[in-house]
Amino acid sequence: MQGWLGSATRFQPSLPSFPPPSYHMPGPGHKKKTKAKAQRPQDAVINWPAAPDALAWNIRAEFICDILNLPAIKSRSALKQIHSDVDAVQRKLDLMYVQHDDLYVRGTVACIWGKLCCDAKLHDQLLRKGIIGKMVPLLRHETTRFAILRAFAVMSHNGSEQAIVQIAQETSEALIDVIDDKKDSDPAAASLCVVILSHCLLAAVGDKEIKLNVASQYPWKRVLKTMLDVLESPQSNVDAWVHAMQFLVGAAMALRSYYLVEPRAPQFLCALLHANNMELRIQGMRGLMRLTILGSAAKNTKYHDPHKLFRAQFPEHITEAFWEHGLNRCDILQHGACAGDYQKAMIQVADTLDLIDLGRKLYSFIYRDELSIMKGGFMDENNRPIQTRLPFLMWDESLPHCAKALRDLGESKTFPVGNMKVSALDMADVLTIKWYLITSRYNDSFNTAVAGLARNPDELYYYYAAGVGQANPELKVQYSRKGLARVKAGVKIPSAKGAMMSIEDNYVRLGLLANSTEHALWLAFDLAETQGHDHAKWERSLALFKIAFNDAKAWTKNAPPDNRNYGRVYLMYIITKLLWEAPTLSADMREFKISRIAYNEPDRTQHRLTVETIRKHYTAGVKLFAPAIAQFGSIKELAGANVPLPAEQEALYAWFEEDPSKHDSGHDVLRLSRWSTDGLELYACSSCGNASAVLRKCSRCGTARYCDHSCQKKHWVDGHKKTCKAVDGS
């Protein structure tokens, strides 16, 4: 296919040809070692089969390969041939480049280098031989610019991270110069520059913050401005816009100091939250979470003295919130009432020495209030602990002693708790778990809870403890979801008569919801970070976001306004609500009632900083970037450039995309999914609702899915038996 290069000038180089070397046979005993000479091309003058400007780059490449006795790069066997003596191949190509100042020859050699870089091993070997330094100057010439950019695009998608970083180091300034010069006159070239920069610089930024105004080998300010200009313009190329978006999201953590002095950067990330496309909203929130993580502090859940809270003078709007929720259902009264009963129980046991009776009371207290077991003790006038006849000194140390007394009664022994009967062994395990939790022995608490669940799957505290004590977020979500499923199925929380708190308000259920929300959200973002083009990962990520949103919504609906976790969970509720409903919300976020109701400065957690960034930049970001986001977010499938290319450039694309190694990496295809909730049930357990990638299908109906056999058994009893038969027809 003939191609158009924008110039009708025919160029025929007139360099002298090299005479063949002459050899003289040495006499006996006079054999001398000769130095190996670099192999030269057979002809220093390239006699093209047609005018060079009338040939496509791939035709020229095949012609040069033929001159140099190189195999046509069209098959795996050709690559194996080149692998067998890559140094000799590179010497031929390098000499061809050096001996000719013809742009067509040099551009063709560069195209061959780019084609060879489709192979990852050849890619790194050739880069170590300095080919980038020979290719970059060709970007200045109209004749070779597009071919070199296409070669760099191939090279930026393949090879080791070190090699990709090398490309970034040697090409960044030149590529930005091309964008500045050609963004209006040659949008296809400018688009390729953005694609190359995005791929290479994302490999270069790393995970450590790059400080502002510190000397760097990368022009970060120019890069950021260029990317934002592309993102702001609805006339941008599709490829360029998507790659610029990916760069803004991926580099937010490392370039945090640059983003904070360039308001358009956080504004764009916030504006993505207003997109109709769900994937764009997830990308925007990912970027904001990355932007705030380095400036955040770990959560520090505060414990307040209930007596001080009781005496505190709350503002009127907080008092109104207490009354609206129900004052007797608020934590402040629960703390006070439970603390009084706890003290009475300790005074009584000092007289009776009945550890079994105390253990039964402690079991009830543990379910009533999360902070019911306090350190406390009997003190003298000098505030020193008094040793009584009890086997413990401080009150919280009573837990293991009472647990042992209850465990010695055996599993068959039960006690009434409200309208329920609880086995002594379950009581003992709950007391033991509480002791492990308050002494930070989380592995022990988890193991005890799992063993208890195997014996009694209706003891809800086991699910709570398993979620709190397990470090693996997958298991945290799984056990929390299983516990919530048991609540939904009608399992009650044991409570003494007259207890003021219902199961909806109980901290055990609220703890299951908070645990599920926090770790489902973490898992969802982790999957979104690593999903690539894996559709199943995207679907599971979506299911986890939905779980986090629903559980956060349920938590905020039922939790008392003075709950110590309220701020933490409400922030997650805002984040998940924006992911699911942002397009329906107002640009000023008036739907959220956010106010500070604490006397102390709240912890600067990642979630809090993310929400504060959104509140600061959301309105301005939507106004500035809405036109471009509306255009690109509405495209069902983004793949390739949307700028018409000349025929020879189309041929060049096709030539580079032919994979001689027959391995399709899939990197060069960009897609934005059209999100829906149609497939969510495929990734959620039909019993507990846990999202998993390894659910087992019901072998009978094929529609229900389960985490394990226990979930399947519970779902069967809870009603699937009827629906499964209906589907099966039996």
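Taking region 501-591, which GluC sites (Glu not before Pro) meet the DSSP loop condition and have no more than 15 other C-beta atoms within 10 Å? Spell out each step's value before the answer.
Working: sites: Glu504, Glu518, Glu529, Glu539, Glu581, Glu591; in loops: Glu504, Glu591.
Here the sparse-neighbourhood loop sites are Glu504, Glu591.
Provide the gained length on full extension for the span Glu320 to Arg455, in nm with one decimal, where the gain is 0.36 nm per separating residue minus the Cα-Cα distance.
Gain on stretching Glu320 to Arg455: 44.1 nm.
Please give the peptides 82-92, 231-241 ranked by average Cβ packing (other Cβ atoms within 10 Å per residue), highest first, as a rough proxy for protection. Before the final figure, lay out each step's value.
Details: 82-92: 15.6, 231-241: 20.8.
The peptides rank, most packed first, as 231-241, 82-92.
Computed FRET efficiency, Cβ-Cβ of Thr530 and Ser160, R0 25 Å: what is it to the nearest 0.05?
My answer for the efficiency is 0.85.
Across region 60-75, in residue order, what do the Karplus-derived ³J(HN,Hα) couplings come to in whole Hz, using 6.51 cos²θ - 1.76 cosθ + 1.60 with θ = phi - 60° and x for Gly and Pro?
Couplings: 4, 4, 5, 5, 5, 4, 5, 4, 8, 6, 9, x, 5, 7, 10, 8 Hz.
Take the residue pairs Lys375/Lys492; Lys434/Lys482; Lys183/Lys537; Lys476/Lys537; Lys476/Lys714 and return only those whose Cα atoms are more than 26 Å apart. Walk me through the numbers before you get to the answer.
Details: Lys375/Lys492 29 Å; Lys434/Lys482 20 Å; Lys183/Lys537 36 Å; Lys476/Lys537 19 Å; Lys476/Lys714 20 Å.
Distance filter (> 26 Å) returns Lys375/Lys492; Lys183/Lys537.
Suppose the chain between Asn383 and Val717 were pulled fully straight at 0.36 nm per residue; how much longer would it get relative to their current alpha carbon spacing?
114.6 nm
Given R₀ = 35 Å, what would the calculated FRET efficiency be for Arg76 paired with His141, taking r from the Cβ atoms and rounding to 0.05?
Working: r = 34 Å, r/R0 = 0.96.
So the FRET efficiency works out to roughly 0.55.
Given points 7 Å out from each Cα along the Cα-Cβ axis, report the Met420 to Ala120 separation in nanometres with one decimal.
So the two model labels end up 5.3 nm from each other.
Please list 552-562, 66-76, 209-219 highest first by mean number of surrounding beta-carbon atoms within 10 Å per residue. It would help to have the intermediate numbers written out before the result.
On the way: 552-562: 19.2, 66-76: 15.0, 209-219: 12.6.
Taking the mean over residues of other Cβ atoms within 10 Å, the ranking is 552-562, 66-76, 209-219.
Convert each backbone phi in region 458-475 into a coupling constant with the Karplus relation 6.51 cos²θ - 1.76 cosθ + 1.60 (shift: θ = phi - 60°), then list the ³J(HN,Hα) values in order as whole Hz, x for Gly and Pro.
9, 8, 5, 5, 4, 5, 4, 5, 5, x, 6, x, 8, 7, 6, x, 4, 6
Using θ = phi - 60° and the Karplus curve 6.51 cos²θ - 1.76 cosθ + 1.60, what whole-Hz ³J(HN,Hα) does each residue of region 228-239 get, with Gly and Pro shown as x?
So the J values, rounded to whole Hz, are 5, 4, 5, 6, 7, 8, x, 8, 5, 5, 4, 4.
How would you rank 413-419, 289-295, highest first, on the average number of other Cβ atoms within 10 Å across their residues?
Ranking, from highest mean packing down: 289-295, 413-419.
Could you list which residues have their amide H under 5 Å from that of Val417, counting only those 5 or more apart in sequence or on another chain, with H placed in the peptide plane?
Under 5 Å from the amide H of Val417: Val422.
Throughout, read-outs are computed from the coordinates displayed, never taken from laboratory work. On a predicted model such as this, the values are computed, not experimentally measured, just so you know. Virtual Cβ from ideal backbone geometry, glycine too; neighbours counted across all protein chains shown.
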